[in-house]
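Report on the structure given below.
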Amino acid sequence: MAGSAPWAGEGEPMTTTKLVEITGDKDEPTRDIAVEALGDGRYAVTIGDETTEVEGHLVDGGVALRIGALSRDLRVDDRGDALLVRTPSGRARLELVDARTYALQAALGQGAGALKPELVSPMAGKVVLTPVSAGDEVTEGTTLVIVEAMKMENEIRAVADVRIKDVRVAPGDLVNPGDVLVVFDVEE
Amino acid sequence: MFSKVLIANRGEIAIRVMRTLRELGIRSVAVYSEADREALHVRYADEAYCVGPAASRDSYLRIDRILEVAKQSGAEAIHPGYGFLSENSEFAEACAEAGVVFIGPPAQAIVAMGEKTGARRMMIAAEVPVVPGLERPIEDAQAAYDYAESIGYPVLIKAAAGGGGKGMRRVDDPARFIEAFEGARREAASAFGNADVYVEKWIVQPKHVEIQVLADTHGNVVHLFERDCSVQRRHQKVVEESPCPVLRDDVRQKMGAVAVQAARAVDYVGAGTVEFLLDVNQDFYFLEMNTRLQVEHPVTEMVTGVDLVEQQLRIAAGQPMSVTQDDLAQTGHAIEVRVYAEDPDNNFLPSPGRITRLHVPTGPGVRDDGGYETGTEVSLHYDPMISKFIVHAETREKAIGRLLRCLDEYDVQGIDTNLEFLVDCLRVAPFAEGTYDTGVVSEIQAAREAREGLDDDDAKHARIAAALYRHLHSAKRAAATGETPSTTTNGWSRYGRFRTLGR
């Protein structure tokens, strides 16, 4: 995860972690973030070209921050690929990946932002209905699959106009989060 | 009093009932499905028995197995909680036959209130106001028109076999009545194969206000005032409070008396709730009676100081209830929210899974009726409610402030929840003012959609916290493996070393 680390005096590692934020924003798809340990629980966090010096440590459920005199206890829900951070004005979903891993993935063509040609199940449940078939041209908002979970039917709809290449599930199938439900005909 | 009680339920309500049992020194018996082996209600109970596979119909709804467990464990009574078998008259009868006390009303009261049109007729006979409407379907358009004129517009035309909004028309203008009537009949015929329609009065901007009642076997019936449950999404209550912020005191007294009348009309015994629609003129109309303890019962407990489960137990044991109408008063203000495992940003899709961290707020006037803890799993087989959370304060304004403070502290990690949506419910103007009606959720949704993203400082702080989190965790991992961060995390240095070794 982290970067180079010459040992700084008094036995304290002066490490820097270089990260890339995948923003999902068209104009600025990625943003560089670096965390440099300054010792004594202090860190310089650089977002883009703005550096902020903070004090901080891990706490149960998140990170305690002090920015000057401002004290912020922020809950961080680690979902693996994303960190969900709760703030007073709402929840931030942040995808921060190690800069080197990101560079490697980009080289392999697995970079973020690529159009997903498959609809995967957002939850575990039972397929109730698949109103579309291969070859159908559907418009945004069309119901593609209905999955029942916890006694409730959930309609999963198309987020864009698209052509259906394949429907991989049938009524009665049990699905897990991440299972492919429908494959789209997406132009390369 | 009983010495051992079986709880034919799961999750938070099972635990809520067991808590009172424990306070009274009564042993509790849990039943559970195979999917609930590790569930908290199983651990909380004094004894626990598996009654079948995950699907409710094979476990929590298996009357035979539950009664077998009652016999095996020596439980003298069964508390059904809410949902599952709580309003199943067959179960109440089966308990009686098996010689086990069903903690609920007599089977005949469940039947009387369960059949909606029959209940309506009984309520009319008992002089309980109902929504003005025809008791039988009507075929003749002109006769229907005349009836609509007599009850006043707007009116609702609805299919007798109805459901899902089909064969349903709201009519505001008499000139359009005939056309709407014929349309509804056609739609009903094609949707249900039955063209029968009713005509009833449309209640404008109704509030859902309900009265808690208690009745014992000694002829005592009391009401414990109202709960306003008008914040509903897809007919699911989300926020409940007592007192109702707009209810006039004279209307409150009248509603209470009418609810007692309704309970007496069916020889009711136990805890029950009479639901009403309250219109803008403070006229109220009987909707239905729920013959069980309700999810929102803590709101009443907080303002009256009465433990409803304890009263249920006393009544079921044949004792008189320990309160009289004169003892009862509403003190302060209570609000309950239902914390669900669902994603409000994704059409409220349920989000089952393991809770990686659960932190419940505390402090004065705070109560959490939960069914989970850190590390436990919200199963996709059952209702996704994580907990009902209740606050109590001197005034409504203070109760809202307290609840907002608590919702900020409430933390559920690993799965999505409606916590932010609940905050939006409390903040929307009609709720803050107290004038909200059952349509308020659409306003809450509109407010959510109109909202801009995070404010700049919050976004920046979140980014700093996330970056620091990644940094500190990689350092922690490095420390755990006994290596310096540079060698564990720097792939290039490792690569370099391999090259050196491989040479």
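The values are calculated or read from the model by the stated rules, or taken from the named source; none is laboratory data. None of the values given here were measured: they were computed from a predicted structure. Every residue, glycine as well, gets a Cβ built from its backbone with ideal geometry; the counts of neighbours run over all protein chains shown. Heads up: the accessible areas ignore ligands, DNA and RNA and are worked out on the full protein's heavy atoms, side chains in. Shrake-Rupley method; radii C 1.70, N 1.55, O 1.52, S 1.80 Å.
Using only DSSP helix segments of four residues or longer, with each worth -39500 (n - 2.57), what per-residue ellipticity at 222 nm results for chain B after dividing by its residue count and rounding to 500?
Details: 18 runs with 199 residues, N = 503.
Helix-only estimate at 222 nm: -12000 deg cm²/dmol.
How much of the calculated P(r) for region B:170-223 lies past 15 Å, in percent of all Cα pairs? Write out the running numbers ahead of the final one.
On the way: 967 of 1431 pairs.
Value for region B:170-223 (Cα pairs over 15 Å): 68 percent.
So for region B:4-103, taking the charge dipole from beta-carbon charges (+1 Lys/Arg, -1 Asp/Glu), which of B:VAL17, B:SER59, B:GLN72 sits furthest toward the positive end?
Positive-most Cα among the choices belongs to B:VAL17.
Using a Förster distance of 56 Å, how high is the FRET efficiency between B:THR117 and A:GLU55, based on the Cβ-Cβ distance and rounded to 0.05? Each step should come with its number before you reach the end.
Working: r = 68 Å, r/R0 = 1.21.
With R0 = 56 Å, the Cβ-Cβ based efficiency is 0.25.
On the principal axes of its Cα set, how long, how wide and how thick is region B:4-103? Give whole Å, largest value first.
The principal-axis extents, from largest down, are 30, 28, 23 Å.
Quick one: with all protein chains in place, what share of the accessible area of region B:4-103 is carbon or sulfur, to the nearest percent (1.4 Å probe)? Present the calculation step by step, with values, prior to reporting the outcome.
Values: 1730 of 3980 Å².
Answer for region B:4-103 is 43 percent, counting heavy atoms of protein chains only.
Given an 8 Å cut-off on Cα distances and at least 6 residues of separation, report the relative contact order of chain B as a percent. Intermediate values should be presented prior to the final figure.
Working: 984 pairs, mean separation 63.7, N = 503.
So the answer I get is 13 percent.
Using a 10 Å cut-off around each Cβ of peptide A:118-127, what is the average number of partner chain Cβ atoms that fall inside? Before the final figure, lay out each step's value.
Details: counts 0, 0, 0, 0, 7, 10, 7, 4, 1, 0.
Mean number of neighbouring Cβ atoms from other chains: 3.
List the extent of the Cα atoms of region B:132-201 along each of their three principal axes, largest first, rounded to whole Å.
29, 22, 20
List, in order, the whole-Hz ³J(HN,Hα) value for each residue of region B:400-412 obtained from phi through the Karplus relation with A = 6.51, B = -1.76, C = 1.60 and θ = phi - 60°; use x for Gly and Pro.
Calculated HN-Hα couplings, in order: 5, x, 5, 5, 5, 4, 5, 5, 5, 7, 4, 10, 10 Hz.
Show me you know the interface measure: the accessible area buried between B and A, both chains summed, probe 1.4 Å, in Å² to the nearest 100. Walk me through the numbers before you get to the answer.
Details: alone 23380 and 12960 Å², together 31300 Å².
Between B and A, the summed buried area is about 5000 Å².
Through the Karplus equation 6.51 cos²θ - 1.76 cosθ + 1.60, θ set to phi - 60°, convert the phi angles of region B:101-111 into ³J(HN,Hα) values in whole Hz; use x for Gly and Pro.
The phi angles translate into 7, 8, 7, x, x, x, 3, 5, 6, 4, 5 Hz.
Within chain B, what is the number of lysine pairs with alpha carbons under 18 Å apart, leaving out pairs fewer than eight places apart on the same chain?
Final tally of qualifying lysine pairs is 9.
Taking beta carbons within 10 Å but only from partner chains, what does the mean come to for residues A:74-87? Numbers along the way, then the final one.
Details: counts 8, 9, 9, 8, 8, 5, 0, 0, 1, 7, 5, 10, 8, 9.
Whole-number average of other-chain Cβ neighbours for A:74-87 is 6.
So what are the three principal axis dimensions of region B:207-449 from its Cα atoms, in whole Å, longest to shortest?
Principal extents (largest minus smallest coordinate, Cα): 50, 41, 33 Å.
Would you tell me the mean number of C-beta atoms belonging to other protein chains that fall within 10 Å of each C-beta in A:54-61, as a whole number?
Numbers: counts 5, 1, 7, 2, 7, 0, 4, 7.
For this peptide, the per-residue mean of nearby foreign Cβ atoms is 4.
Given a 1.4 Å probe and every protein chain left where it sits, what share in percent of the accessible area of region B:134-220 is carbon and sulfur? Before the final figure, lay out each step's value.
Working: 1940 of 4160 Å².
Looking at region B:134-220 in its full context, I get 46 percent from C and S.
Stokes-Einstein diffusion coefficient for chain B at 37 °C in a medium of 0.692 mPa s, Rh from the Kirkwood formula over Cα pairs: what value in µm²/s? Can you show the working numbers first?
Values: Rh = 25.5 Å.
In µm²/s, the coefficient is 129.
Leaving out ligands and nucleic acids, note down the accessible area per residue over the protein assembly as shown with a 1.4 angstrom probe, in whole Å². Show your work: numbers first, answer last.
On the way: 31300 Å² over 691 residues.
For the protein assembly as shown, the solvent-accessible area averages 45 Å² per residue.
Note down the relative contact order for region B:1-115 as a percent, whole number, built from C-alpha pairs under 8 angstrom at least six residues apart.
So the answer I get is 25 percent.
Between region B:317-353 and region B:39-90, what is the C-alpha centre distance in whole Å?
When both Cα centres are located, 22 Å separates them.
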